[in-house]
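See below for the structure under consideration.
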Amino acid sequence: MFAKGQTVIQYMEQLAPKHVAVPDDKIGLQLGSLHKNIEKVLVTLDVNEEVVDEAISLGAELIIAHHPIIYRPLSHLQTDTPMGKVYEKLIKHDIAVYVAHTNLDVTEGGMNDWMAEALGIENPAPLEDTHTDQLFKLVVFVPKSHHQQVLDAILNSGAGAIGNYTHCSFNIEGVGTFVPQEGTNPFIGEQGKMERVEEFRIETIVPQSIRNKVVQAMLKAHPYEEVAYDLYPMDLKGRSFGLGRVGKLKEPVRLSEFIERVKSGLDVPFVRVVGDLNREIKKAAVLGGSGRSYWKHALYRGADVLVTGDIDYHSAQDALMAGLMIVDPGHNAEKIMRPRVASWLQQKLQDNRYDTKVIASEVNTEPFQFL
């Protein structure tokens, strides 16, 4: 059985929730339709004509990309322009394009965590907080016979985390009343008759990032036809999400050694470097993509070096004078997301018994040549 397009994206948004994206970022479905079976998904950093040809040759019905194919409003759609040809091919071959951009950067276990792991940064924290998870109090009423079943479903789906404690909940036993009306099919009771049922009131904490997942798990485990539950927004702050990562290295290394780690970990042949090659690095920051605006954040967080792309001349000069080293592996270093997303999504589909295949693109979308 192949997954519907909407199902594939539901799983993708468990990895990269849309609500953690930077405001006004161009994410989500950008072209085509998800209302179809998906036999193959192609994961890519960029979408150009070569990537579209790859998708066509593989028989992929869906492309998941990191960089948007429509970033600015289109004033026209001419098919005799380079990008117009790409849109035309996608439409003619019924290939949908879905974009996970800054939400994939920001999310835990996403782009910047993968890059930090590749560079040996331990216990990485966001370089700049961009989103704090809204917390909700979930309250649900469940018959005594199914109390443990529903409680386990809620807590095992991620609810109930407070600090370093998990599976936190409060449970009160009481009596629930209801009268099933005409057209109902009650789990307990009869139509038109008042029922008094021994029930438990379950209370727990749910962060916004997994709210839908928790509610769906609760509803699936609950025996009632109509489930009585409430979600109350709370003033307490949940986890913070943000762009980039910063943290200490396991052991100090010289910049020259760290450069080789960057080249190897991010699979890049060359890097641009700002700073003394013999200087020692204890703490490093990384930000996938274009991070020239974030060198001051790295300096403020105590980093010795910032790894990011698209550093301009004057930012490099300013960082050098301020004492911050920079390693620029280029924007295309974000290609680290291709096998990671493909592997994560494939496992999720397999776990749910779908035959849909997820493939990491092999097209090199690096626009620069290094001579």
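Quick notes
- Enumeration of residues in the range 190-213 that are surrounded by 18 or more Cβ atoms within 10 Å (Cβ to Cβ) and over 22 Å from LEU155 (Cα atoms): VAL197
- Exactly one residue among ALA65, ALA16, ALA60 is under 24 Å from ASN364 (Cα atoms), in contact with a Lys or Arg (Cβ under 7 Å, 6 or more places away or on another chain) and aliphatic (A, V, I, L, M), and that residue is ALA60.
- Residues located in the range 333-362, provided they are more than 19 Å from GLU13 (Cα to Cα) and surrounded by fewer than 20 Cβ atoms within 10 Å (Cβ to Cβ): ASP355, GLU362
- ILE69 meets the conditions (1) in contact with a Leu (Cβ under 9 Å, 6 or more places away or on another chain); (2) free of Cβ contacts under 8 Å to residues at least 60 places away in the same chain; (3) assigned to a loop (DSSP other than H, G, I, E, B); (4) surrounded by fewer than 16 Cβ atoms within 10 Å (Cβ to Cβ) in every case but one. The failed one is (4).
- Restricting attention to the range 325-348, the residues that are within 13 Å of the chain's Cα centre (by Cα) and either modelled with pLDDT under 95 or of a type in the set (Val, Ile, Thr) (or both) total 1.
- Hits in the range 312-324 - residues which are over 17 Å from LEU119 (Cβ atoms) and either aliphatic (A, V, I, L, M) or under 15 Å from the mean Cα position of the chain (by Cα) (or both): ALA316, ALA319, LEU320, MET321, ALA322
- Where GLY160 falls short, out of the listed (1) in contact with a Leu (Cβ under 8 Å, 6 or more places away or on another chain); (2) surrounded by 12 or more Cβ atoms within 10 Å (Cβ to Cβ): (1)
- Looking only at the range 77-106, residues that are assigned to a loop (DSSP other than H, G, I, E, B) and modelled with pLDDT under 95 come to 5 in all.
- Of all residues making up the range 129-150, the number that are crowded, with 18+ Cβ neighbours inside 10 Å, within 20 Å of the chain's Cα centre (by Cα) and either among the charged types (D, E, K, R) or not in a strand (DSSP E or B) (or both): 1
- Within the range 44-62, restricting attention to residues that are in a helix (DSSP H, G or I), out of contact with any strand residue (DSSP E or B) (no Cβ under 6 Å at 6 or more places or on another chain) and not charged (D, E, K, R), the residue that is nearest to ARG340 (Cα to Cα) is VAL52.
- Within the range 5-31, the only residue that satisfies the criterion of being modelled with pLDDT of 95 or more, over 14 Å from LYS213 (Cα atoms), part of a helix (DSSP H, G or I) and touching a helix residue (DSSP H, G or I) at 6+ places or on another chain (Cβ under 9 Å) is VAL8.
- Those residues of the range 20-43 which are under 21 Å from VAL363 (Cα atoms) and under 15 Å from the mean Cα position of the chain (by Cα), in sequence order: VAL43
- All positions within the range 168-186 that are surrounded by 15 or more Cβ atoms within 10 Å (Cβ to Cβ) and free of Cβ contacts under 8 Å to residues at least 24 places away in the same chain: PHE178, PRO180
- Output for the range 284-315, where each listed residue is of a type in the set (S, T, N, Q) and either farther than 14 Å from LEU243 by Cβ or in contact with a Cys (Cβ under 8 Å, 6 or more places away or on another chain) (or both): SER315
- Among the candidates ILE162, ILE154, ILE210, ILE172, residue that is farther than 30 Å from LYS283 by Cβ, outside the structural domain of GLY288 (by TED's automatic domain parsing) and at pLDDT below 95: ILE210
- Residues that are in a strand (DSSP E or B) and in contact with a Pro (Cβ under 6 Å, 6 or more places away or on another chain) were ranked within the range 192-232; the one that is nearest to THR7 (Cα to Cα) is GLU199.
- Residue, nearest to GLY288 (Cα to Cα), within the range 331-365, restricted to residues that are touching an Asp or Glu at 6+ places or on another chain (Cβ under 9 Å) and assigned to a loop (DSSP other than H, G, I, E, B): THR365
The values are calculated or read from the model by the stated rules, or taken from the named source; none is laboratory data. Every value quoted in this text rests on a predicted model; they were computed, and no experiment measured them. FYI the Cβ positions are ideal-geometry reconstructions off the backbone, even for glycines, and counts take in every protein chain you see.
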